[in-house]
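Everything below concerns the one structure shown next.
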Amino acid sequence: MVVLSGMRPTGRLHLGHYFGALQNWLKLQECNENKCYFMSADWHALTTDYSDTSKIDDNTLDMVADWLAVGLNPKKSIIFKQSCVPQHNELFLILSMLTPLGWLYRCPTYKDQIKEIKNKDLNNYGFLGYPILMSADILLYMTDIVPIGADQLPHLEFTRNIVKRFTHLYGKLFKTPKAKLTKEAKVLGLDGRKMSKSYENTILLTEDIDVLHSKINKIITDPLKIKQNDLGHPKQCVVFSFYQILNSEELLTIQNSCELGLRGCMTCKRNLMDKLVEFIKPLNNERKHLISDRKYLEGIIKMGCHEAINIANATMKKIHKVLKF
Ligand code: ADP
C-alpha cells in the first residue's frame, strides 16, 4: 500500500499531531508492504503564513526533528519537503481546472477557518484552493492510505470526488484514497476546542517542563465541580480528555471517583502532570540531540526529495498521456 501524509511547518508539533496522526504514521511505517511518504507541507504553510515566510525553512527542520524523536525512521519512510517536488504544483494546476468553485466554497474546513481565524487575512485564492493542493499531494504518489486527524476528513472526501471527476473526464488513472484515523481522531486543546497552533491552545510534544506545569495549572476543569466532593462530569473535562488520549490504565477508576465526588481536580491535574512528564521527557532529550545536527536533518530531507521526485515524475508522465499532451 502507498501511504502519504504531511504537516505544515508552521511551528513545533503538539499532542494533537501525535495522537491525531503521527501514531498511525508510525504504525504504517512498520509494515514492510507499505511505501510511506511523509512531507513537510511548506507550500500549504504559505496559505496562512504568506506574509512572513522567514520561519518556514527552520520550522521544517524543527518538525522533522520532532518526527524522528517520536520514531519516524528515514530508512523505512521517505521524508521530504513539498516545495522540492515541483510536480505538486503542476498537478495542482491541472486539478484546479476541473474543480468546480462551489466545491471549494462549500468545504467545511474553509467555512470554519474563515469564521474562527481573525488575526490573519485569509481572503486569498491559495487558502480557498488548499484542498486541491492536498489532492495533488495525495494523487501524485498514487496513494492508497492517508493517515490524518478527523479535521482533515473533508479534504479527503474532496480528493475522492476529484478522482471521480478526473476518471469521468479522462479515464481511470488514480486510485481512490482512504483515510486512516487514530482512536482519538480529534484531540482537544487546553480550552476544549480542537488542539491547534491557530488557536494557541496546545501542549507541545516537546514542551518545556516548567511551561507544561503552568499550562496544566491554568486548565479550567468541570465548571460544575467546585469542591472535591461535588459530583463531577469527566466527559466534559479537558483534563480527563488528556487521560483518555494517554490511554491511562486508571481511566475507569478516575472517571468513577470523579463522578462520585471522591477525587478533586488538583489531584487529577497533579497525576496528569506526572503522566505527561513521563511521556514528554524522553522525546525532549531525543529532540535536543537531533536538532543540534542540522546537516543530518537536511541530508534526510534531501534524500527523501530525490526519491519523491522520481515517483512524481513517473506519475506526471502518465497524466500527460491521459490528457493527450
Ligand atoms: P494545525 O491544525 O495545528 O495547524 P496541521 O494542519 O498542520 O495542524 O495538521 C497536521 C496533521 O495533524 C493533520 O493530519 C491533522 O489532522 C492532525 N492534527 C492536528 N491537530 C489535531 C488535533 N487536535 N486532533 C487530531 N489531529 C490533529
(request) Output the residues belonging to segment 1-31 that are within 11 Å of the ligand (Cβ to nearest atom), without any contact (Cβ under 8 Å) to a residue 60 or more places away in the chain and among the aliphatic types (A, V, I, L, M). (result) M7, L22
(request) Pull up segment 113-157, narrow it to residues that are hydroxyl-bearing (S, T, Y) and touching a residue at least 60 places away in the same chain (Cβ under 8 Å), then point me to the one that is farthest from the ligand (Cβ to nearest atom). (result) Y141
(message) Step by step: first the residues of segment 233-263, then only those that are small (G, A, S) and in a loop (DSSP other than H, G, I, E, B), then the one that is modelled with the highest pLDDT. Which residue is that?
(response) G261
(request) Filter segment 158-201 for residues that are hydrophobic (A, V, I, L, M, F, W, C), away from the ligand (no atom under 12 Å from the Cβ) and in contact (Cβ under 8 Å) with a residue 40 or more places away in the chain and give the result. (result) F158, I162, F166, L169, L173
(message) Given the condition at pLDDT below 95, more than 20 Å from L323 (Cβ to Cβ) and among the small types (G, A, S), answer yes or no: does some residue in segment 174-188 qualify?
(response) yes
(message) Tally up the residues in segment 65-80 that are of a type in the set (K, R) and either in contact with a Phe, Trp or Tyr (Cβ under 8 Å, 6 or more places away or on another chain) or touching a residue at least 12 places away in the same chain (Cβ under 8 Å) (or both), please.
(response) 1
(request) Specify the residue that is modelled with the lowest pLDDT; the eligible residues are those in segment 30-86 that are among the basic types (K, R) and closer than 28 Å to F127 by Cβ. (result) K55
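Yes/no matrix, rows are residues, columns are (1) β-branched (V, I, T); (2) assigned to a helix (DSSP H, G or I):
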position	(1), (2)
I226	yes, no
R270	no, yes
L297	no, yes
K302	no, yes
A312	no, yes
T315	yes, yes
(message) So for segment 247-267 (the condition being surrounded by 14 or more Cβ atoms within 10 Å (Cβ to Cβ) and under 21 Å from the mean Cα position of the chain (by Cα)), does at least one residue qualify?
(response) no
(message) Please determine whether any residue of segment 70-80 is in a helix (DSSP H, G or I) and buried (at least 21 other Cβ atoms within 10 Å of the Cβ).
(response) no
(message) So, in segment 34-48, how many residues would count as being assigned to a helix (DSSP H, G or I) and touching a residue at least 60 places away in the same chain (Cβ under 8 Å)?
(response) 5
(request) Report whether or not S214 is of a type in the set (S, T, N, Q), in a helix (DSSP H, G or I) and within 22 Å of I114 (Cβ to Cβ). (result) no
(request) Pick out, from segment 116-211, the helices (runs of 4 or more DSSP H) lying fully within it that include 1 or more residues that are of a type outside the set (K, R) and surrounded by fewer than 17 Cβ atoms within 10 Å (Cβ to Cβ). (result) 125-128, 153-170
(message) Looking only at residues that are in contact with a strand residue (DSSP E or B) (Cβ under 9 Å, 6 or more places away or on another chain) and assigned to a loop (DSSP other than H, G, I, E, B) in segment 1-18, which one is nearest to L133 (Cα to Cα)?
(response) R8
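The values are calculated or read from the model by the stated rules, or taken from the named source; none is laboratory data. No experiment lies behind these values; they were computed from the predicted model shown. Every residue, glycine among them, receives a Cβ derived from its backbone with ideal geometry; neighbour counts consider all protein chains shown.
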